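Undergrad: To start, I am sharing the structure in question, which I have written as C-alpha cells.
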C-alpha cells in the first residue's frame, strides 16, 4: 500500500506542525484534549497498517516524563498488541493510536499503575541481575541460603536436601552445603506505596534503608537484628506488599566497597554504612511451589497420581498433567520403547533405540525437564503389581488408566471400585474416529463394567460391531505414514486431562463418560461401519454422558450407594 | 487526577470582570457621578448657607478588590463610598445626607435614584433594561474618634431605624487585598470568582437565599490555601484550581454547625462569619436557618462534584461533571474521545499468544 503519511497525519486536527524527518519518521505536536501540547515523533512501519507505528515523546523539545508506559527513551507503550485486532483503515488506526497515546499521557493515579506492573518495571532496571529462587516465601523473616558463583548470586534456596537436589537438577550439577552462602529473607509487614524502581532509577542505599525500616514492625526489626555478619557480600530476598494487594519478590546483593570496614553489620537497615556498599538489584525468577502452581492452572495441594499405561495416550497425558502442576506420579507399564510405536509416543524415536522400559525413559525425561516433578517407575504388569502388594491403590489421590486393553481395564476397574480412589479410564479408537474418557469411583453409580453389554460390545464405541480387530492399522511405523495416529492419541490425552482438572476442581458429578469424535472417512474406506453412537453430534458426545450407567451392573450396583 | 487547569483558567477568563482601570466605560460612569456629587454638594451647601464640606470617595465592593464576575443578568454593580468630612454629632438624622445625594442625582438617569438602608442606588438603563447600578454608601466622621460611620436608614424610616453605624470600608478593602501575594493571590481571586459564579448558577436570586458575596469573600480570605500539583507530564508544579476550590469548599462546609430550631423542631446547618473589621458583624446574618441549611447542602453537592471530577482521568468526563450544572455553560468542556477519535478501531481477538499464562 502506498500511503502518504504526511497527508494522513496533517488531516488530523489534533496534530500540528507535522514535519518529515526522514521517510517513515515524522515530528509533530499532539494536543491532548486537556489542552496540553506534547511534541512526539511517530515512525511508521513499511508494513503499516498491519504493523502499528511507534510513538516517542520528542526528547529534543520535551522532558521524558516519569509516568507508566513511557520508557526512558520516550517510547510510549500505548498497546499490548497481543490478543487484539485493529482496523485496517489508516485514518482509523491513527485515531486509535493517538487515543491510546493520550490515555497513557493523561492516565490516572500513576503509582497504582506502576505497582500493577512492578515486575516489568523492576526488570527494566539497568544494572539488574537475574537470579533463581526455589525458596517458597513465608510470612516470617528467615535465614536462607544463596548459591553464589564467583561471588555472583545464582539462586536463593533453603539449605535442605530437597532444595539442593532440585537446584542440582535445574543446573545439572551437584550442589553441596559448602557451595552455599547465607542469605536473608525478609517479608515487609506494611504495604509499600512508593515509587517502583525502573530504568536508571533504582533506590539509593539510603532509600532502601528507609523503605525497609518504614515497612516492618518492631517485631520484625528485632528478628532482622540477628542477621548481622562481617562479610564482603550480603544477599537479601525481600517480599514487598504492593498497592494492588499483590506481593513482589526481589533480591538485593550488597558488595562491600569500603575495605576498611570490618565489623558485624546489617547493611540493609544500617544507614550509617550506606556508602560502604554497592547494591545490585536482583530480578528473581521464581521456581518455587507457589508460582509453579499459579502458572500451571490451579492445582493446589500436592497430589499423588498413579498412571497405568505409558503408551502414546499415557505419555501425552503425563506431559500435560506435569505441565499443569502435578508433581508426583507413579507410572506402571511393562512395555519397552520400541521403534515401531515411537512415532506416536511422547518420547520420540531417538529414545527407542536403546529399547529401554517406557517407565524408565519417562522418569528420566520428565525429571530432567521439570525438576520439581518426582516419578516412581514400576516396570510391571498392573494387576500383578497390585496383587503382589507393590502398590496400594488407596495411597493415591487419582488413578489414570490408559492401557488400551479392555480385558485388563475391566479387571482393574473392579479393583479400583474396591478402593476409595477415583479413577479416569481413557482410550482411543482406530482410524481417527475418536477417543473417550470415563470417570469411575467418584461416588454414585457408573463404572467401566457398565460400558460392556451382554454381547461384549462397549457402549462408548464409535466403531460398529465387527469380528475383525481394529488393531492393525493403529501401528504406524517409520515406513508407513499413519494420518491420524499421533494427533488422535494427543486429542484423547487432552480430553482426559481436562477431565482430570475438572475432577480435581470438584467440578464433576458422579462418573460421566466424555468422548471426542473425529472423521470416519478412513475408517469407512477400510470397510468398517460406525456405531449409532458415532452418529450423535460432536458437542453432545463431548458433554458428560451418564446414559451408559447400568443400574444392575454387577460391579458397581451393589458396591456403592448402599446408603441411599 | 484529572488535569483540567486549562479549562478552569479559560472559565475564569470568561467570567472575570475587569477592574476600573481596564474598564473605561464603568470608570467614566463612576467619575461622572463623583464629579456631579462634588458639584451638587457644593451647590446644596451654599444654598443652605453652610460651609461646604470636603468629600472623599472610596471604591468599594468587588471592583475595589478585583473579585468581580460578569453578572448573569448583565446588571453591573459599582460600589462607591461617599465620605463627608462632617461629624455625626452634628447630623442626628442619618438619612439627611443621603437625601442630598439622592436630590443631586435626581435627573441623572431615567430611573430615579433610590434610598436604600445602606446606600443610595443609581440605576442606569440600556433599552429599558438595567445596565448597571451604582451603590453609594454614605459615611461621616466623629468628633471623638477616627472611625467612619455609615448612614443607615430610608427616607421615611422610624427614628429607630435610622442610625450611624460604625464601619471600616478601607480596612475591609485592605484586609482582602493584602491577604495573599503573587501566584497565591491570583489563584485566590480565581477561586473566589468560581464560588461567585457557582452562587449565581445554583441559587435562586430572590431574597436572601443567596449567600452574600462579601460572605464568600471573607470566608475565602480566611480559609483559602494556595494549591499546586505536580504535573507528571511536564515534570513541573502548576496551579491546581480544582484542588484549591475543593479544599475551600470543604473547609467552608466544616464551618457550619448543626443548630436545633425549637420552633420548627428541626435541626439546621448554620454558619456565622464575622467581618474582620468594624463593625465585626456576622456576614451571613440576613440568611434564615432554612437558607443557610440549603447553602450547606449545595456546598456539599459542589464538594462531591469536585471530588468526582478530580477522580476522572478523561478531561471531557471531568468537565462534564462541573459544566453546566455547577458553573454554567461558560465552563468549557473539551471534546470527547468519541468525538475526536473514530471508534471501533480495535477489538480483542483470541490468539495463542494471548492464551499463554505468564
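Nothing in this text is a laboratory measurement; each read-out follows from the coordinates by a stated rule. Predicted model, so just to flag it, every value in this text is computed and none were measured. All Cβ positions, glycine included, derive from the backbone under ideal geometry; neighbour counts span all protein chains shown.
Undergrad: With a/c under 1.5 counting as rounded, go ahead and sort region A:122-184 into rounded, prolate or oblate using the C-alpha gyration tensor (a ≥ b ≥ c being the square roots of the eigenvalues; past the cut-off, prolate if a/b is larger than b/c, else oblate). Walk me through the intermediate numbers first.
TA: Values: a/c = 1.73, a/b = 1.23, b/c = 1.40.
In terms of gyration-tensor shape, oblate.
Undergrad: I'd like the FRET efficiency for residue B:114 and residue A:19, computed as 1/(1 + (r/R0)^6) with the beta carbon distance as r and R0 of 45 Å, rounded to 0.05. Intermediate values should be presented prior to the final figure.
TA: Numbers: r = 65 Å, r/R0 = 1.45.
According to the calculation, E is roughly 0.10.
Undergrad: Along the Cα→Cβ direction, 7 angstrom out, place labels at residue B:204 and residue A:551. What is the inter-label distance in nm?
TA: 7.8
Undergrad: Give the relative contact order (percent, whole number) for chain A; include only Cα pairs under 8 Å separated by 6+ residues. Kindly include the intermediate steps, with their values, before the conclusion.
TA: On the way: 1024 pairs, mean separation 50.4, N = 564.
So the answer I get is 9 percent.
Undergrad: Quick check on region A:118-287: take the gyration tensor over C-alpha atoms, sort the square-rooted eigenvalues as a ≥ b ≥ c, and tell me if it's rounded (a/c under 1.5), prolate or oblate.
TA: rounded
Undergrad: How do A:345-355, A:488-498, B:297-307 rank on mean C-beta neighbours within 10 Å, highest first? All intermediate terms of the calculation are to be shown ahead of the outcome.
TA: Numbers: A:345-355: 15.9, A:488-498: 22.7, B:297-307: 17.5.
Averaged packing, sorted descending, gives the order A:488-498, B:297-307, A:345-355.
Undergrad: Extension gain residue B:300-residue B:125, at 0.36 nm per residue separation less the Cα-Cα distance, in nm? Working shown, then result.
TA: On the way: separation 175, 0.36 × 175 = 63.00 nm, distance 3.78 nm.
Extra length from residue B:300 to residue B:125 when fully extended: 59.2 nm.
Undergrad: What list do you get for A:177, B:281, A:107 if you sort them by fewest beta carbons within 10 Å?
TA: Working: A:177 10, B:281 14, A:107 17.
Lowest count first: A:177, B:281, A:107.
Undergrad: For chain B, what percent of Cα pairs sit more than 34 Å apart?
TA: Values: 24497 of 63903 pairs.
Result for the distance tail: 38 percent.
Undergrad: Now, a different point. Report the normalised scattering of region A:293-542 as log10 I(q)/I(0) at q = 0.10, 0.12, 0.15 Å⁻¹, calculated by the Debye formula with identical scatterers on the alpha carbons.
TA: Calculated log10 I(q)/I(0) at the listed q: -0.46, -0.68, -1.09.
Undergrad: Still on this model: From the mean inverse distance of alpha carbon pairs (Kirkwood) and the Cα radius of gyration, derive Rg over Rh for region B:189-329. Write down the numbers at each step before the final one.
TA: Numbers: Rg = 16.4 Å, Rh = 16.2 Å.
Reported Rg/Rh, Kirkwood definition of Rh: 1.01.
Undergrad: Now a separate question. Which of rounded, prolate or oblate describes region A:5-107 when judged by the alpha-carbon gyration tensor and an a/c cut-off of 1.5? Could you put the intermediate results ahead of the total?
TA: Values: a/c = 1.41, a/b = 1.13, b/c = 1.24.
The shape class here is rounded.
Undergrad: Next question, about the same structure. Just want the ordering: A:317, B:252, B:166, from fewest to most Cβ atoms lying within 10 Å of their own Cβ.
TA: B:166, B:252, A:317
Undergrad: Mind putting together the pair-distance distribution for region B:171-271? All Cα pairs, 10 Å bins, whole percent per bin, short to long.
TA: So the P(r) values, bin by bin, are 14, 37, 31, 14, 4, 1.
Undergrad: Please rank B:259, A:509, fewest neighbouring Cβ atoms within 10 Å first, as an exposure proxy.
TA: Details: B:259 15, A:509 12.
Fewest to most other Cβ atoms nearby, the residues stand as A:509, B:259.
Undergrad: Largest first and in whole Å, give the semi-axes of region B:77-220's equivalent ellipsoid, each being the square root of 5 times a Cα gyration tensor eigenvalue. Mind showing how you got there, number by number?
TA: Working: eigenvalues 166, 100, 40 Å².
The three semi-axes for region B:77-220 are 29, 22, 14 Å.
Undergrad: Please average, across the residues of B:333-342, the number of beta carbons from any other chain that are within 10 Å of each residue's own beta carbon, and give a whole number.
TA: 5
Undergrad: Note down the nm distance, to one decimal, between modelled labels 7 Å out along Cα→Cβ at residue B:183 and at residue B:31.
TA: 3.7
Undergrad: Quick check: pseudo-label points 7 Å beyond the Cα along Cα→Cβ at residue A:525 and residue A:139, how many nm apart are they?
TA: Roughly 6.4 nm, to one decimal.
Undergrad: Taking every residue in A:61-68, how many Cβ atoms of other protein chains lie within 10 Å of its Cβ, on average?
TA: Details: counts 0, 3, 4, 1, 5, 4, 3, 1.
Across A:61-68, the average partner-chain Cβ count within 10 Å equals 3.
Undergrad: I would also like to ask the following. If we sort B:316-322, A:133-139 on the protection proxy, mean other Cβ atoms within 10 Å, highest first, what's the order? Display every interim value, and only then the final one.
TA: Numbers: B:316-322: 21.3, A:133-139: 18.0.
Those peptides, ordered most packed to least, come out B:316-322, A:133-139.
Undergrad: Quick check: the angle from helix A:161-171's long axis to the longest principal axis of chain A, C-alpha only, nearest 10 degrees?
TA: 80
Undergrad: Please grab the % of Cα pairs in region A:96-218 that end up more than 26 Å from each other. Could you put the intermediate results ahead of the total?
TA: On the way: 2866 of 7503 pairs.
Counting pairs separated by more than 26 Å, the tail of P(r) holds 38 percent.
Undergrad: Something else now. State the Kirkwood hydrodynamic radius of region B:1-116 in Å, one decimal place, computed from all pairs of distinct Cα atoms. Could the numbers behind the result be given before it?
TA: On the way: mean 1/r = 0.0594 Å⁻¹.
About 16.8 Å for region B:1-116.
Undergrad: Quickly rank A:510-517, A:531-538, B:114-121 as a protection proxy: mean count of other C-beta atoms within 10 Å, highest first. Could you put the intermediate results ahead of the total?
TA: Values: A:510-517: 21.8, A:531-538: 14.1, B:114-121: 18.4.
Ranking the peptides A:510-517, A:531-538, B:114-121 by packing returns A:510-517, B:114-121, A:531-538.
Undergrad: Give the calculated FRET efficiency between residue B:43 and residue B:155 to the nearest 0.05, with a Förster radius of 22 Å applied to their Cβ-Cβ distance. Walk me through the numbers before you get to the answer.
TA: Details: r = 21 Å, r/R0 = 0.94.
Efficiency for this residue pair is about 0.60.
Undergrad: What share of Cα pairs, in percent, lie more than 52 angstrom apart in the protein assembly as shown? Could the numbers behind the result be given before it?
TA: Values: 210450 of 424581 pairs.
Every Cα pair in the protein assembly as shown considered, those over 52 Å come to 50 percent.
Undergrad: Suppose R0 equals 35 Å. What FRET efficiency, 1/(1 + (r/R0)^6) with r the Cβ-Cβ distance, do residue B:13 and residue A:3 give to the nearest 0.05? Don't skip to the answer; put the middle values down first.
TA: Values: r = 41 Å, r/R0 = 1.17.
Computed FRET efficiency for residue B:13 and residue A:3 comes out at 0.30.
Undergrad: Shifting gears a bit: If each residue of separation counts as 0.36 nm, what is the full-extension length gain between residue A:498 and residue A:532 once their alpha-carbon separation is subtracted? Could the numbers behind the result be given before it?
TA: Working: separation 34, 0.36 × 34 = 12.24 nm, distance 2.57 nm.
Full extension from residue A:498 to residue A:532 adds 9.7 nm.
Undergrad: Work out how much length residue A:542 to residue A:126 would gain on full extension: take 0.36 nm times their residue separation and subtract the Cα-Cα distance, in nm to one decimal. Mind dumping the intermediate values first?
TA: Values: separation 416, 0.36 × 416 = 149.76 nm, distance 5.14 nm.
Full extension of this stretch gives 144.6 nm more.
Undergrad: Now for a different question. Kirkwood Rh over Cα pairs of region A:383-444 into Stokes-Einstein at 4 °C, 1.567 mPa s: D in µm²/s? Please report the intermediate quantities before stating the final value.
TA: Numbers: Rh = 12.4 Å.
In µm²/s, the coefficient is 104.
Undergrad: Within a 10 angstrom radius of each residue's Cβ in A:28-35, how many Cβ atoms of other chains show up on average? Whole number is fine.
TA: That works out to 6 on average.
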